[in-house]
Amino acid sequence: MKSKWNLIASIIQLAVGIAAIIAYIIIATNGESMLKWTVTLILAICYVIFGIIGLIDWIKAKKY
């Protein structure tokens, strides 16, 4: 069974990824050139995906 630390890490990854995506949107609405921030957006999306995958794995491991 997965430990609580894996759950906490997945929640933190999800929170940081969502915060980065929100920051990207805020920067975009303020007229900043978004070309240099595109890599950051891609990494933030990956962070959200990894957080969701970690949560799903933890839930599945908890059922069995």
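The values are calculated or read from the model by the stated rules, or taken from the named source; none is laboratory data. Just so we're clear, the structure is a prediction, and the values are computed from it rather than from any experiment. Cβ placement follows ideal geometry from the backbone for every residue including glycine, while neighbour counts extend to all protein chains displayed. Only protein heavy atoms, including side chains, enter the accessible area calculation; ligands, DNA and RNA are left aside. Shrake-Rupley method; radii C 1.70, N 1.55, O 1.52, S 1.80 Å.
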Using the Kirkwood formula on the Cα atoms of the chain, what hydrodynamic radius do you get, in angstrom to one decimal?
12.7 Å
Carbon plus sulfur, as percent of the 1.4 Å-probe accessible area of the chain, comes to 75 percent
How far apart, in nanometres, would the label points at Lys60 and Glu32 be if each is projected 7 angstrom from Cα along the Cα-to-Cβ direction?
3.6 nm
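Kindly report the accessible area of the chain per residue (heavy atoms of protein chains, probe 1.4 Å, no ligands, DNA or RNA), in Å². Walk me through the numbers before you get to the answer.
Numbers: 4840 Å² over 64 residues.
Counting only protein heavy atoms, the per-residue value for the chain is 76 Å².
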Whole-number percent relative contact order across the chain, with pairs defined as alpha carbons under 8 Å at least 6 apart:
56 percent
